[in-house]
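Report on the structure given below.
Bear in mind that the values in this text are calculations on the coordinates, not laboratory data. These numbers come from a predicted model, not from an experiment. Here the Cβ positions follow ideal geometry from the backbone for every residue, glycine too, while neighbour counts run over all protein chains shown.
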Amino acid sequence: MRALHLDFEHAPGRNLPWSTILLALGAVLATWVVLEYGSVSDELKRWEDKLSDTRRLAKRSLPSFATEEAPTAELAQELKAANAVLDQLSLPWDAVFADVEAAVIPDIALLGVQPDPRARLVNLEGEARDLTALLTFLARLEAAPALGEVHLKRHEIRLSDPNHPLAFTIQARWTPPR
């Protein structure tokens, strides 16, 4: 057997650089592990809170909207008014007004626009400088894509005005966009 030489008294600093580097690397890794553990535990806490909120919301009882009694006359009237407002808001107002504005020519003064949403009609009141301007305006309205069934309901020459304009009322039905 070979002789074993044990040196308990070794020269200091012989393995010092490697041990210091390994100790520093171990300290950095331990710090990173602690920080990562903290962030993961915080995220786990947030998810557990969300889960408990979801479970709490799932267990609560929701109010029932079904009633056994018939709606009152006042409630029925309010529902009817609300539905009328919804009907008016759902109509293609932009297309109708854009087509009417595009049809107006310089010799036409449009004085009033009265839409009837239930019948899908619009009444136009105005004045024309002469009959040619009125007929041109009618033709432009008939060519508009959002309007159809354009009819001249009333016309008269206003003799009280010095320019003698032609007052008119036109009715048109608007068509839904396709």
> K59: which lysines have alpha carbons under 25 Å from its alpha carbon, excluding same-chain residues fewer than 8 sequence positions away?
Replying inline: K45, K50
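Please grab the % of Cα pairs in the chain that end up more than 22 Å from each other.
Details: 11400 of 15753 pairs.
Result: 72 percent of Cα pairs exceed 22 Å.
What ranking do R60, R173 get, fewest neighbouring Cβ atoms within 10 angstrom at the top? Walk me through the intermediate numbers first.
Values: R60 6, R173 15.
Ranking R60, R173 by Cβ neighbours within 10 Å, fewest first, gives R60, R173.
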> Listed highest first by mean packing, meaning other Cβ atoms within 10 Å per residue, what order do 30-38, 160-168 come in?
Replying inline: 160-168, 30-38
>> Only counting other Cβ atoms within 10 Å, I'd like D7, D116 sorted with the fewest neighbours first.
In response: D7, D116
> With Cβ to Cβ distances under 12 Å as the rule, what net charge do the other residues near D42 carry (K, R +1; D, E -1)?
Replying inline: -2
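I need L4, L51, L121, L134 ordered by Cβ neighbour count within 10 Å, fewest first.
Working: L4 5, L51 10, L121 14, L134 23.
By the 10 Å Cβ count, ascending: L4, L51, L121, L134.
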> In a GNM of the chain with a 10 Å cut-off on Cα contacts, which of A133, A24, A143 has the highest mean-square fluctuation?
Replying inline: A24
>> Restricting everything to alpha-carbon atoms, can you work out Rg to Rh for the stretch 91-174 with a Kirkwood hydrodynamic radius?
In response: 0.97
> Taking θ as phi - 60°, what are the ³J(HN,Hα) couplings along the stretch 39-49 by the Karplus curve (6.51, -1.76, 1.60), each to the nearest whole Hz, with x for Gly and Pro?
Replying inline: 5, 5, 5, 5, 5, 4, 5, 4, 5, 5, 5
> Ordered by residue, what ³J(HN,Hα) values in Hz, to whole numbers, does the stretch 115-128 give under the Karplus form 6.51 cos²θ - 1.76 cosθ + 1.60, where θ = phi - 60° and Gly and Pro are x?
Replying inline: x, 10, x, 5, 8, 6, 10, 9, 9, 10, 10, x, 10, 10
